[in-house]
Amino acid sequence: MRFLRRSTTDTAAEEPEAGEAVDVAGKAYTPGKGKATPKRREAEAKRRGPVAPPPTTMREAMKRNKELRKANPQTKEDRRAAAKARRDAMMRGDDKALLPRDRGPVKAYVRDLVDSRRNLLGLFMPLAIVVFLALLVPLPQVQSYITLLCTAMLLVMAIEGFVNGRKIAKLVREKFPKEAVNGRSIGWYAFVRASQIRKLRVPKPRLKPGDPIPN
């Protein structure tokens with residue numbers, strides 16, 4: 001009997017079609033975003049982009065300064081004044097102006113230990129100049145004597161640098177017991193510092209040979 005069966009048109013009218021959104025909570029229902037609203041600081045940082053890491057070498061710092069000068073053109077006097085201010089801060093030992101390899105109280109203490117002593121390593125650069133000049137001498141006998149003397153001095157310098165590096169690493173561990181001190185890294189840093197001419201060291205030495213190390 002037909003009146004006991006539901007019409008197919010009525011069934012289609014009651015069931016929603018595929019893909020049609022269903023109002024589960026009435027007109028006041030608002031679907032969620034699926035993620036939290038970003039904070040203002042995060043939004044501003046996203047607009048500015050990622051922050052570049054600090055330069056690790058002098059060449060990288062010079063390249064970055066050149067790019068900044070192109071992006072923000074300044075007068076020649078302003079650039080000179082800014083460069084002089086950075087140079088002065090670096091020579092004073094201002095931690096913010098130093099390269100990452102020179103920052104921190106541990107490296108400052110190593111520099112004080114090296115600067116308060118007289119080392120044969122300080123003659124490394126003058127010795128290299130002597131070797132270069134010896135090659136220009138037309139007398140083979142003089143060249144052989146100078147080469148032998150320079151070789152012996154280089155050997156003594158290497159031994160002195162190794163011994164001083166171990167001593168300085170030990171003193172650093174005693175001074176900073178909570179710091180993770182790498183003996184090789186500290187020894188090499190002290191070696192490089194001691195091999196430079198005192199007037200050319202960066203930052204400028206705070207102590208003279210024989211001065212006590214400040215606590």
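The values are calculated or read from the model by the stated rules, or taken from the named source; none is laboratory data. Just so you know, these numbers come straight off a predicted model, no measurement behind them. As a convention, Cβ positions derive from the backbone with ideal geometry for all residues, glycine included, and neighbour counts pool all protein chains shown. Heads up: the accessible areas ignore ligands, DNA and RNA and are worked out on the full protein's heavy atoms, side chains in. Shrake-Rupley method; radii C 1.70, N 1.55, O 1.52, S 1.80 Å.
Things to note:
- Across segment 94-104, computed HN-Hα scalar couplings (Karplus, 6.51 cos²θ - 1.76 cosθ + 1.60, θ = phi - 60°) run 4, 4, 6, 8, 7, 6, x, 5, 9, 7, x Hz from first to last residue, x flagging Gly and Pro.
- Rounded FRET efficiency, nearest 0.05, which uses the C-beta distance separating Arg173 from Leu99 and R0 of 30 Å: 0.80
- Among the lysines of segment 103-215, pairs at least eight places apart or on separate chains and with Cα atoms under 15 Å apart come to 8.
- Across segment 86-184, counting alpha-carbon atoms alone, Rg and Dmax equal 18.4, 58 Å.
- Per residue solvent-accessible surface (Å²) - segment 108-215, probe of 1.4 Å: 68
- Accessible heavy-atom area order of Ile213, Ile168, highest first, probe of 1.4 Å: Ile213, Ile168
- Each distinct pair of alpha carbons in segment 120-177 adds a 1/r term; the inverse of their mean, the Kirkwood radius, is 13.2 Å.
- The protection proxy used here, the mean number of other Cβ atoms lying within 10 Å of each residue, ranks peptides 206-212, 88-94 as follows, highest first: 88-94, 206-212.
- For the listed peptides 58-67, 180-189, a ranking on the average number of other beta carbons within 10 Å per residue, highest first, reads 180-189, 58-67.
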